[in-house]
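Trainee: The structure is given below, and queries will be raised subsequently.
No lab work stands behind these numbers, since they all come straight from the coordinates. Quantities reported herein were computed from a predicted structural model and do not represent experimental measurements. Positions of Cβ are generated from backbone atoms using ideal geometry, with glycine treated the same way; all protein chains shown enter the neighbour counts.
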Amino acid sequence: MPLLEISGLTQRFGGLQALTDFSFRLEEHELVGLIGPNGAGKTTVFNIVSGFYRPTAGRIVFGGRPVNGLKPHRITALGLARTFQNIRLWNDLTVLDNIRLARYAWLGYGFWSAVLRTKRYRRAEKGIEAKAREVLEMMKLTDCAGELPRNLPYGLQRRVELARALAGQPRLLLLDEPAAGLNSADVEDLIRHIRWIYDEFKLSIWMIEHQMKVVMTLCQRLTVIDFGCVIASGTPEEIRNDPGVIKAYLGDETL
Amino acid sequence: MRRYAINILLCAAALALVGLAQADMLDKYVLTVITFMGINCIFAVSLNLVNGYMGEFSCGHGGFMCVGAYVGSLLSVAFFTDSKLFGAPLFAPELAPFLFPLVLLGASLAAALAGLLVALPSFHTRDDYLAIITIAANYIIISIVENIDAIGGPRGFSGMKKAVNAMSDFADCPWMLIWTLIGVAVCVMTVYRLMTSTYGKGVSAVCQNEVAAEIMGVDTNRVKIMAFMVSSGLGGLAGALYAHVYGYVNAQSFNLLKSTEGLVMVYLGGMGSISGVLMAAVAFTLLVEALRFVIPWLNDGLHALSLLPAGYELSQIWKWVIIPLTLILLMQFRPEGFLGNRELTQVFPRLKRWITLK
Amino acid sequence: MEFFLQQCVNALQWGSFYALIALGYTLVYGVLRLINFAHGDVFMVGAYLAFFVSTGLLAPEGLFGFSRELTLALTIPLTMILTSLVGVTLERIAYRPLMRKGAHRLYVVITALMCGLILENGNLALLGASRRTLPVLLDKNVYHIGGIAVTNLKLMVILAAVLVFLALHFIVTRTRMGMAMRAVSWDRFALPLMGIPLDRVVVFTFVLGSAVAGLGGMLFAMSYPVLEPYMGAMTGWKAFIAAVVGGIGEIRGAFVGGFLLAFVEVMVAAFLPSTFRDLFAFSVLLFILWQRPTGIFGKPLTAKI
């Protein structure tokens with residue numbers, strides 16, 4: 001059974017057809033990429049899968065459950081996590097709190113437990129704290145646990161966002177342009193890092209990325225979309241030589 | 001032991017206050033001012049949950065205080081007194097001191113339900129538009145109360161004094177001071193414990209980046225409902241205490257001016273800082289009371305210096321010019337208030353050695 | 001039926017007042033994204049200024065001893081100019097320094113709320129509680145059209161509102177200044193780069209809004225001559241509701257919202273106890289904001305990820 005199965009996904013915003021009949025399958029423990037020119041609808045796919053948009057038509061099955069129409073936090077609870085193109089951390093909470101909040105869907109206590117400081121509350125918070133520390137340790141972020149994210153350099157902020165996504169122990173991680181704004185040395189690091197996460201956490205990764213180097217070295221499979229339609233899919237090698245893809249990226253006249 | 005120094009000190013201060021009042025060593029006026037200080041603390045700390053931690057701009061908190069005041073009054077009149085409205089008391093008046101928390105709880109729950117009036121629209125609406133909704137809610141609540149003739153309509157409602165007297169008959173204590181102090185403790189503990197738990201930090205997450213919160217598994221709608229209901233519920237607690245201290249309630253005492261007082265206290269203290277807001281509530285109460293004396297002095301002084309035309313007297317209305325002016329100046333020169341979004345223990349880390357917060 | 005039509009005329013009159021104030025809210029919001037909560041009190045100041053100007057000019061007590069017609073003709077522009085000065089002063093001393101510092105928008109809104117309180121209570125403290133009455137500037141003529149009574153004053157109020165609406169619509173859509181105003185609302189930071197003087201645009205906006213409020217205040221005082229310091233508070237809130245219902249930032253919205261609100265209010269007051277009027281007005285607001293958060297003409301907001 002595939003981990004994620006999307007069929008016939010269509011999204012219209014007013015008169016704009018952002019996505020047309022998009023279908024896709026992703027198996028357990030796979031690392032695949034979604035590429036395409038700017039404005040092709042890549043982030044729209046992620047937004048629909050993570051529940052932020054309600055698709056006009058189509059069906060999404062995640063972990064054997066249909067998830068279209070579910071609110072984002074419900075989908076997160078099923079084991080999906082994502083990062084954003086532009087970093088979205090909670091800037092006035094410490095890094096540790098940012099990670100802790102990623103466990104929100106599995107809190108296990110409610111308002112009265114929090115206010116009365118019940119045993120259940122103390123047990124749950126202990127677990128959350130331990131888990132958060134563990135993730136920070138693995139991501140080599142322990143030193144900045146008490147810092148506010150906005151005081152961290154850009155590269156670290158990216159890493160905190162990644163750590164936050166991993167703290168929810170997702171089965172599928174969506175990465176929206178993880179290399180955006182990084183220089184070439186950082187990109188090398190990032191490639192190693194994603195590879196390590198993929199092996200260490202035994203999860204599936206689906207990433208949007210513009211830097212060909214990243215997707216070509218990391219991904220086992222690629223899907224290319226342009227103007228909301230899938231124009232090619234296959235191994236990096238196949239994609240590299242696909243005339244349709246070259247046309248979409250470079251335009252007609254170069255052929 | 002040292003780690004509990006401030007906790008013990010605060011408890012001792014509260015006990016000393018009750019003791020002084022018990023021994024009639026406190027002026028009745030001073031006692032009232034202190035009680036109102038406590039009520040203002042509850043009012044401001046509860047408003048801070050929405051305006052500070054959640055970053056929404058609620059300017060209708062007075063409305064929830066109104067719900068609490070009326071429901072609390074009605075409950076205690078029904079429970080403990082013989083009234084035209086409800087007939088014979090439901091419980092023996094001797095039970096008043098034990099059942100009074102039930103009155104406060106009922107008032108808080110009713111106010112929390114009224115909070116839904118704002119919480120439900122907040123799913124789709126934020127910022128300015130939500131601010132407007134809170135104002136509308138304030139007016140709607142007042143208008144509803146004024147249109148119910150059975151509880152006095154625009155004339156107001158009274159009769160709670162008898163319930164307070166029933167408590168005094170049972171034992172001669174400064175009951176309202178005691179309840180207010182307990183109320184402050186409950187309110188501060190609730191908000192503090194909530195906001196230091198991961199559950200409550202969902203409120204901050206929604207404030208700082210709602211999209212990220214929703215994506216990371218925070219049920220934002222539930223968080224909003226929770227924050228608004230807790231905030232309005234505690235506001236209702238302040239209202240119920242207010243009604244019993246005064247012995248009379250009128251819907252118009254909870255209009256936008258009351259809500260504005262709350263705003264002044266929150267922004268004076270610093271959004272999202274419990275200790276800052278507590279300080280501000282105390283300072284604000286003192287300022288308002290001080291102006292009661294300062295304005296006549298100023299009037300006499302200016303007349304003595306013939307700086308004011310004869311026949312013109314400075315009236316107490318100037319209070320409502322001076323208070324807004326203070327807030328405007330504050331916004332200009334120290335917009336973060338006393339403490340910003342930090343707590344006293346963060347500004348003075350050494351305090352942590354003396355206090356235990358759980 | 002006649003009763004209904006008569007109520008419609010009343011609704012048109014009230015709607016005109018609401019529209020005149022709502023236009024000011026909407027103009028400022030459209031340009032600065034600021035709810036100028038002091039605007040209702042600027043309307044009140046307008047009414048008081050009209051009182052001082054007209055008693056100052058009018059015979060027999062006035063300094064100049066002008067005739068009624070001349071006084072009316074002079075009071076309208078003078079009131080508008082003086083009121084716009086008040087509005088600009090508020091912008092200058094209270095809002096602009098805050099905006100310059102890049103303070104959070106809410107701080108400016110609170111400052112506006114406080115400025116409103118200062119205007120109300122300052123007026124009460126300075127002038128005392130004695131109520132003032134605007135002198136009669138216009139002889140009352142009642143026209144009967146098929147059983148409906150319409151006074152010349154009512155006609156004047158409605159006409160004024162329509163004219164002001166048309167004028168503002170023209171200014172915003174057809175003039176260079178109007179174009180600059182719309183540009184500010186799109187992107188305040190790009191504006192100086194394009195060579196548009198931001199401050200001048202903002203001041204112009206406040207002048208327009210306050211002048212219109214001043215006119216509204218004067219017409220209100222002519223229709224309901226007894227003045228009191230809190231008269232602007234409730235009317236201002238209602239006008240604000242009107243602006244929001246129509247879609248704040250939209251000139252058409254303020255106009256339509258004003259008449260819509262007045263219609264609801266007058267009809268509620270006609271068929272239910274008048275104490276229900278405010279309840280309905282605010283419930284309508286709550287409902288509309290809940291169901292259509294950006295008002296009738298407002299564009300729906302979309303979150304960008």
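Trainee: In what order do A:Leu116, C:Leu113 fall by count of nearby beta-carbon atoms within 10 Å, going from fewest to most?
Mentor: On the way: A:Leu116 13, C:Leu113 24.
With the sparsest Cβ surroundings first, the list reads A:Leu116, C:Leu113.
Trainee: Separate question: When a/c reaches 1.5 or more, the comparison of a/b and b/c decides; with that in mind, is chain B rounded, prolate or oblate per its Cα gyration tensor? Could the numbers behind the result be given before it?
Mentor: Values: a/c = 1.23, a/b = 1.07, b/c = 1.15.
The shape class here is rounded.
Trainee: Between beta-carbons, use under 15 Å as the cut-off and find the net charge around B:Val188, counting Lys and Arg +1, Asp and Glu -1. Let's see the in-between values first.
Mentor: On the way: positive: A:Arg117, B:Arg193, B:Lys358; negative: B:Glu343.
That sum, taken over residues with Cβ under 15 Å, equals +2.
Trainee: Please report A:Glu237, B:Glu261 as a ranked list, fewest other C-beta atoms within 10 angstrom at the top and most at the bottom.
Mentor: Working: A:Glu237 10, B:Glu261 21.
Ordered from fewest to most neighbouring Cβ atoms within 10 Å, A:Glu237, B:Glu261 come out as A:Glu237, B:Glu261.
Trainee: Residues of segment C:127-150 with backbone nitrogen within less than 16 Å of a virtual label 7 Å along the Cα-to-Cβ line of C:Gln6, please, listed as ranges.
Mentor: C:142-150
Trainee: Let me ask something else. Once the Cβ-Cβ distance between B:Ala171 and A:Leu148 is put in as r, and R0 is 60 Å, what FRET efficiency do you end up with, to the nearest 0.05? Before the final figure, lay out each step's value.
Mentor: Working: r = 51 Å, r/R0 = 0.85.
Once rounded, the FRET efficiency stands at 0.70.
Trainee: Can you give the mean number of other chain Cβ atoms that lie within 10 Å of the Cβ atoms in peptide C:281-291? Let's see the in-between values first.
Mentor: Details: counts 4, 11, 6, 1, 7, 12, 2, 1, 8, 9, 2.
Other-chain Cβ atoms within 10 Å of each residue's Cβ, averaged: 6.
Trainee: Put a dot 7 Å past each Cα toward the Cβ at A:Thr118 and B:Ala12; how far apart are the dots in nm?
Mentor: According to this spin-label approximation, the distance is 3.6 nm.
Trainee: Roughly how many nanometres apart are two label points built 7 Å out from the Cα toward the Cβ at A:Phe111 and A:Phe227?
Mentor: In this crude spin-label approximation the distance works out to 5.2 nm.
Trainee: I need the calculated FRET efficiency for the pair A:Ala57 and B:Leu105, taking r as the beta carbon distance and R₀ as 60 Å, to the nearest 0.05. Numbers along the way, then the final one.
Mentor: Working: r = 50 Å, r/R0 = 0.84.
For R0 = 60 Å, the calculated efficiency reads 0.75.
Trainee: Right, here's the next one. Calculate, for C:Ala190 and A:Lys71, the FRET efficiency according to 1/(1 + (r/R0)^6) with r their C-beta to C-beta distance and R0 35 Å; round to the nearest 0.05. List each step's numbers first, then the result.
Mentor: Values: r = 36 Å, r/R0 = 1.03.
So, using R0 = 35 Å, E works out to roughly 0.45.
Trainee: In addition: For chain B, list the DSSP H helices whose alpha carbon atoms reach 24 Å or more along the long axis and whose average Kyte-Doolittle value is -0.5 or above?
Mentor: Numbers: long enough: B:5-22 (25 Å, 2.12); B:28-48 (30 Å, 1.46); B:61-80 (28 Å, 1.44); B:96-119 (33 Å, 2.18); B:127-147 (30 Å, 1.11); B:175-196 (31 Å, 1.69); B:220-246 (39 Å, 0.77); B:274-304 (44 Å, 1.36).
In chain B, the long hydrophobic H runs are B:5-22, B:28-48, B:61-80, B:96-119, B:127-147, B:175-196, B:220-246, B:274-304.
Trainee: Where does the charge balance sit around C:Leu137 when Lys and Arg score +1, Asp and Glu -1, over other residues with C-beta under 13 Å from its C-beta?
Mentor: My count for the surroundings of C:Leu137 gives 0.
Trainee: Using the structure shown, select from B:Lys224/C:Lys101; B:Lys161/B:Lys258; A:Lys131/A:Lys213; A:Lys140/A:Lys202; A:Lys71/B:Lys224 the pairs with a Cα to Cα distance greater than 25 angstrom.
Mentor: Distance filter (> 25 Å) returns B:Lys224/C:Lys101; A:Lys131/A:Lys213.
Trainee: What spacing in nm lies between the two simple spin-label points modelled at B:Lys28 and C:Ile93, each 7 Å away from Cα in the Cβ direction?
Mentor: Reported label-point gap for B:Lys28 and C:Ile93 is 4.3 nm.
Trainee: In a shell of Cβ-Cβ distance under 10 Å around A:Gly108, excluding A:Gly108 itself, what net charge do Lys and Arg (+1) and Asp and Glu (-1) give? Mind showing how you got there, number by number?
Mentor: Numbers: positive: A:Arg103, A:Arg120, A:Arg123; negative: A:Glu125.
With Lys, Arg at +1 and Asp, Glu at -1, the neighbours total +2.
Trainee: Tell me, what is the percent relative contact order of segment A:90-168, built from C-alpha pairs under 8 Å that lie six or more residues apart? Numbers along the way, then the final one.
Mentor: Working: 70 pairs, mean separation 39.1, N = 79.
For segment A:90-168, the relative contact order is 50 percent.
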